[in-house]
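One structure is given below, encoded as structure tokens.
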Amino acid sequence: MAVKYIDVKSRSGLFVPAVRSFGDIAIVGRGGIGTSSSDPQEFTDPLKAAQAYPPGATKLTAAATTGATEISVGASVRQGVSVQIDEGDKAEARKVTAVTGTGPYSLTLAPALAKDHAVDVAVKPTGSTELAAAIAIAFGQTPPPTRIWGVQVAADGANWQEALGKVAALNVQIVVLAYTPLNQANEETVRLLANHVVTTSNTGGDGKERIGVAMLDPADAVTASSLNTGDIRTDRMFLVASKPSRDDVAAAAAGVIAGYEPQVSMLLKPIRISMTGVFTDGDISTLDGNSVNWITSPTLIPGQSLFLGEGYTANPSANKKYIDVVRTLDDVNFRIKAALIQAIGDLRVSRSGLRSIVTLVQSVLSPLVSQEVIEDYSVHIPLLILLDKDQATLSDDEAEQMANHRRSRAVDMTVSVVYAGAIHRLSIELVFK
């Protein structure tokens, strides 16, 4: 065997920055009849969500007779839900218009029963749970999101704050409360969502920045738009209004947002929901004034499809009027920090070390310029200016400033990014001669 004077074993030490998903959704919603809260579950298929969150069932605690408009059941059922009473030939479906009692519960039905039903027969919802239905609606958008987390709250006595606490630990960018429209009854619950996305984005750690999506009460969205006040009015909330619809419009809007890259404007992006009417010009003016996005069907686009009429955040006053600005800022923020983490603990507070940091930032932002995500950028490290000087010419203050940076091992850097948003308005003067 030949003598090896130098033996080198090579291995790759290449650094691969973390990649942040831009469209993962967490949907918090009620489970089936009699269910309790549960831990988050990850889904890439709506059918799996339907299996994970079955509608459940209860039983009659007393016999019900023909013509009755009230029945007594063992578990609470949400008002507005349609239920099937009994099985086989005796089965009939009715809508629950009111719920009273603390167990057994009295359900008011419409219309009245057409048959007799014995005690202990099954009473179960005719459709999916609110949580499973919202997940299916979000997945039903084009293009669809890739991953949705479901977080179930108890069907009766939902603890939204506890569920949002579970969401705080997830790597998601969009949070929705299933079938929880903004109205007088749900105002405090939607406020919890707004506080969650603001607090988690500011203190939840790197990569936890997120937005919340809520729908306005479809029964009277124009009036409900006046509730965009206080904590709800934040640039991390996206409010959407529709004409009366049986679908969870917030989940649908979240699915639309998740399907596009952060820099893509939401204006005139298609949304799949059931909605037959459209808002009047006066309604749109009111919604627009309250920073609420509406759903419309423009005459200029053939096919009678539905589209988002705008891409506003709930608060335009902080120079982040559009949701793509917030999402792009979060995305660029994460990319820069993910690239710079390799510098921490290795690069020195020196000319070569700081120039390496500038190069790392350029490696993140230059591709975004070529992809037309951003228009331009600049990187400024004040300490680097001192290091580039002839050290013998530094003043006492400059020398002390450099010494302080080396002692504290902290470096200040400013990254300025020019973001060119999408065109939302065109003013055309058409002249015939």
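The values are calculated or read from the model by the stated rules, or taken from the named source; none is laboratory data. Everything numeric in this text was worked out from a predicted model, so none of it was measured. FYI the Cβ positions are ideal-geometry reconstructions off the backbone, even for glycines, and counts take in every protein chain you see. Please note that ligands, DNA and RNA were not included when accessible areas were found on the heavy atoms of the full protein model with its side chains. Shrake-Rupley method; radii C 1.70, N 1.55, O 1.52, S 1.80 Å.
For this structure, a couple of remarks:
- Filter result (more than 15 Å from residue 140 (Cβ to Cβ) and among the aliphatic types (A, V, I, L, M)) within segment 36-61: 52, 57, 60
- Of the residues making up segment 1-33, those that are open to solvent by 30 Å² or more (accessible area, probe 1.4 Å) and under 30 Å from residue 238 (Cβ atoms) are 17, 18, 19, 20, 21, 22, 30.
- Candidates 74, 140, 103 - the one that is under 18 Å from residue 54 (Cβ atoms) and in contact (Cβ under 8 Å) with a residue 12 or more places away in the chain: 74
- Selection count where residues are under 28 Å from residue 38 (Cβ atoms) and open to solvent by 60 Å² or more (accessible area, probe 1.4 Å), scope segment 94-117: 4
- Of the residues 51, 79, 41, the single one that is under 24 Å from residue 214 (Cβ atoms) and surrounded by fewer than 14 Cβ atoms within 10 Å (Cβ to Cβ) is 79.
- A Cβ distance below 8 Å, combined with a sequence gap of six or more or placement on separate chains, defines the contacts here; from segment 301-319, residues that are without any contact (Cβ under 8 Å) to a residue 24 or more places away in the chain reach residues that are surrounded by fewer than 17 Cβ atoms within 10 Å (Cβ to Cβ) and not in a strand (DSSP E or B) in the pairs 304/297.
- All of (1) open to solvent by less than 60 Å² (accessible area, probe 1.4 Å); (2) at pLDDT 95 or above; (3) more than 18 Å from residue 153 (Cα to Cα); (4) not in a helix (DSSP H, G or I) hold for residue 176 with one exception: (3).
Okay, residues lined up against (1) in contact with a Leu (Cβ under 9 Å, 6 or more places away or on another chain); (2) among the charged types (D, E, K, R); (3) under 24 Å from residue 168 (Cβ atoms):
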position: 4; (1), (2), (3): no, yes, no
position: 9; (1), (2), (3): no, yes, no
position: 14; (1), (2), (3): no, no, no
position: 22; (1), (2), (3): no, no, yes
position: 30; (1), (2), (3): yes, yes, yes
position: 39; (1), (2), (3): no, yes, yes
position: 54; (1), (2), (3): no, no, no
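- Selection count where residues are touching a Leu at 6+ places or on another chain (Cβ under 8 Å) and open to solvent by 90 Å² or more (accessible area, probe 1.4 Å), scope segment 376-433: 1
- Matching option when the condition is in contact (Cβ under 8 Å) with a residue 12 or more places away in the chain, open to solvent by 60 Å² or more (accessible area, probe 1.4 Å) and at positive phi, among 86, 120: 120
- Residues of segment 56-66 satisfying the condition of being in contact (Cβ under 8 Å) with a residue 60 or more places away in the chain, open to solvent by 50 Å² or more (accessible area, probe 1.4 Å) and either in contact with a Lys or Arg (Cβ under 9 Å, 6 or more places away or on another chain) or within 29 Å of residue 207 (Cα to Cα) (or both): 57
- In segment 147-168, residue farthest from residue 197 (Cα to Cα) [restricted to those that are at pLDDT 95 or above and part of a loop (DSSP other than H, G, I, E, B)]: 147
- Candidate set from segment 232-271 (those that are surrounded by fewer than 16 Cβ atoms within 10 Å (Cβ to Cβ) and among the charged types (D, E, K, R)); member that is nearest to residue 197 (Cα to Cα): 261
Listed here are the residues, each with its yes/no results for (1) among the hydrophobic types (A, V, I, L, M, F, W, C); (2) out of contact with any Leu (no Cβ under 9 Å at 6 or more places or on another chain); (3) open to solvent by 30 Å² or more (accessible area, probe 1.4 Å); (4) at positive phi.
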residue	(1), (2), (3), (4)
125	no, yes, no, no
139	yes, yes, no, no
146	no, yes, yes, no
160	yes, no, no, no
170	yes, yes, no, no
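- Candidate set: segment 213-226, residues that are part of a helix (DSSP H, G or I) and in contact with a helix residue (DSSP H, G or I) (Cβ under 6 Å, 6 or more places away or on another chain); chosen: the one least open to solvent (accessible area, probe 1.4 Å): 225
- A single member of 295, 284 is touching a residue at least 24 places away in the same chain (Cβ under 8 Å), farther than 28 Å from residue 199 by Cβ, of a type outside the set (Ser, Thr, Tyr) and part of a helix (DSSP H, G or I), and it is 284.
- Residue 329 vs. criteria of a type outside the set (S, T, N, Q) and part of a loop (DSSP other than H, G, I, E, B): no
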